[in-house]
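Read the structure below first, then the notes.
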Amino acid sequence: MKTVYIDFTEIGDFEDFYGQLKEKMTLPEFFGDNLHALFDSITGFAELPLHIEFVNMSVDQLETFEDLLVTLEDSDDELDEFTFSYYLEQYEDEE
């Protein structure tokens with residue numbers, strides 16, 4: 001299974017996200033930078049099996065990218081060979 005890691009320490013907005021996604025995945029030439037195109041690409045064009053993992057998300061990014069998370073969770077529910085997970089950034093205690 002191919003795993004695509006998206007590091008959210010380098011992402012401030014959707015433009016940054018789609019730029020990183022295009023670097024790491026083979027997407028159709030006609031891919032549009034929107035959630036519908038992402039869902040269609042994963043459910044129709046992506047080479048499966050595939051796992052997408054978001055790392056180092058901040059709490060603020062959870063709200064900013066809520067629709068993205070829902071879209072990928074829906075894709076995860078719909079496809080047997082696609083999985084998705086995300087992890088929040090972790091801070092070490094300064095004691």
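The values are calculated or read from the model by the stated rules, or taken from the named source; none is laboratory data. These figures come from a predicted structure and were not determined experimentally. Positions of Cβ are generated from backbone atoms using ideal geometry, with glycine treated the same way; all protein chains shown enter the neighbour counts.
Observations
- Some residue of the range 37-50 being among the hydrophobic types (A, V, I, L, M, F, W, C), touching a residue at least 40 places away in the same chain (Cβ under 8 Å), part of a helix (DSSP H, G or I) and closer than 18 Å to ASP74 by Cα: yes
- Residue match in the range 59-71 (condition: of a type outside the set (D, E, K, R), in a loop (DSSP other than H, G, I, E, B) and in contact with a Phe, Trp or Tyr (Cβ under 6 Å, 6 or more places away or on another chain)): no
- Taking (1) in a helix (DSSP H, G or I); (2) free of Cβ contacts under 8 Å to residues at least 40 places away in the same chain; (3) surrounded by 16 or more Cβ atoms within 10 Å (Cβ to Cβ) in turn, ASP74 satisfies each apart from (3).
- Which numbered condition LEU62 misses (of (1) among the hydrophobic types (A, V, I, L, M, F, W, C); (2) surrounded by fewer than 17 Cβ atoms within 10 Å (Cβ to Cβ); (3) under 16 Å from TYR18 (Cα atoms)): (3)
- Hits in the range 22-74 (condition: among the small types (Gly, Ala, Ser) and farther than 17 Å from TYR87 by Cβ): GLY32, ALA37, SER41, GLY44, ALA46
- Within the range 76-92, the set of residues being at pLDDT below 95 and among the polar types (S, T, N, Q) comprises just one member, GLN90.
- Test: residue in the range 1-24 that is in contact with a Pro (Cβ under 6 Å, 6 or more places away or on another chain) and not in a helix (DSSP H, G or I): yes
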